Amino acid sequence: LSLKFGDVGNLKGLVIRLLLTTSYYQLSVQSWFSLQRLQLLYNHSLQATFNASGIRAPAAHSFRCQRVSSLQRHDAVLVPSSQHDLSHRWEVTFIDFQV
């Protein structure tokens, strides 16, 4: 899922990508989706990647959380995937997040 914002301030072509997967679990007899990664792109190149743990729900339902964030003070669920990109320079928080 890509959210394209265009130009925001000095960020040219801001895009937030949510990389989702689905899996079938026989124990629950249903498919589940999970958010694997969140990517931030601007100036037409990948800038930061966060791993997302704990964001999953049955595929027939939605996941909803009051706050999904990369900040420790908000119990970070979005964790930088690498020390080699710019994710440590970003603070990402979604309020009333629902997929």
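Some points to look at:
- Once the chain from residue 89 to residue 4 is taken as fully extended at 0.36 nm per residue, the excess over their C-alpha distance is 28.6 nm.
- Taking the Cα centre of the chain as reference, the dipole from Cβ charges on Lys and Arg (+1) and Asp and Glu (-1) amounts to some 60 debye.
- Residue 59 long-range amide H proximity, modeled H, under 5 Å: 31, 32, 33
- Working note: Karplus 6.51/-1.76/1.60 with θ = phi - 60° gives the stretch 83-99 the couplings 7, 9, 10, 9, 4, 5, 8, 9, 10, 10, 9, 10, 9, 6, 7, 9, 10 Hz, where Gly and Pro are set to x.
- Derived scalar couplings between HN and Hα for the stretch 26-34 equal 5, 4, 9, 6, 7, 8, 10, 10, 9 Hz in order, rounded to whole Hz, by the Karplus curve 6.51 cos²θ - 1.76 cosθ + 1.60 (θ = phi - 60°), x for Gly and Pro.
- 3J(HN,Hα) from dihedral phi, the stretch 7-21, Karplus parametrisation 6.51/-1.76/1.60, rounded to Hz, x for glycine, proline: 8, 10, x, 8, 8, 8, x, 5, 9, 10, 10, 10, 9, 10, 10
- The chain pair-distance distribution - Cα-Cα, 10 Å bins, rounded %: 15, 44, 31, 9, 1
- Note on surface exposure: 73, 67 rank 73, 67 by accessible area, highest first, 1.4 Å probe.
- Nonlocal amide H pairs with residue 92, under 5 Å, H built at 1.01 Å: 70, 71
- Its relative contact order, with pairs defined as Cα atoms under 8 Å and 6+ residues apart, puts the stretch 29-72 at 38 percent.
- Net lengthening on full extension, residue 75/residue 23 (0.36 nm per residue, minus Cα-Cα): 16.1 nm
- The solvent-accessible area of residue 96, taken with every protein chain present and a 1.4 Å probe, is close to 80 Å².
- Amide N of the stretch 43-74 lying under 18 Å from the label point, which is placed 7 angstrom from the Cα of residue 96 along Cα→Cβ: 62-69
- For the listed peptides 79-89, 17-27, a ranking on the average number of other beta carbons within 10 Å per residue, highest first, reads 79-89, 17-27.
The values are calculated or read from the model by the stated rules, or taken from the named source; none is laboratory data. Keep in mind that what you see is a predicted model, and the values were worked out from it rather than measured. Virtual Cβ from ideal backbone geometry, glycine too; neighbours counted across all protein chains shown. Side chains included, ligands, DNA and RNA excluded: accessible areas come from the protein's heavy atoms. Shrake-Rupley method; radii C 1.70, N 1.55, O 1.52, S 1.80 Å.
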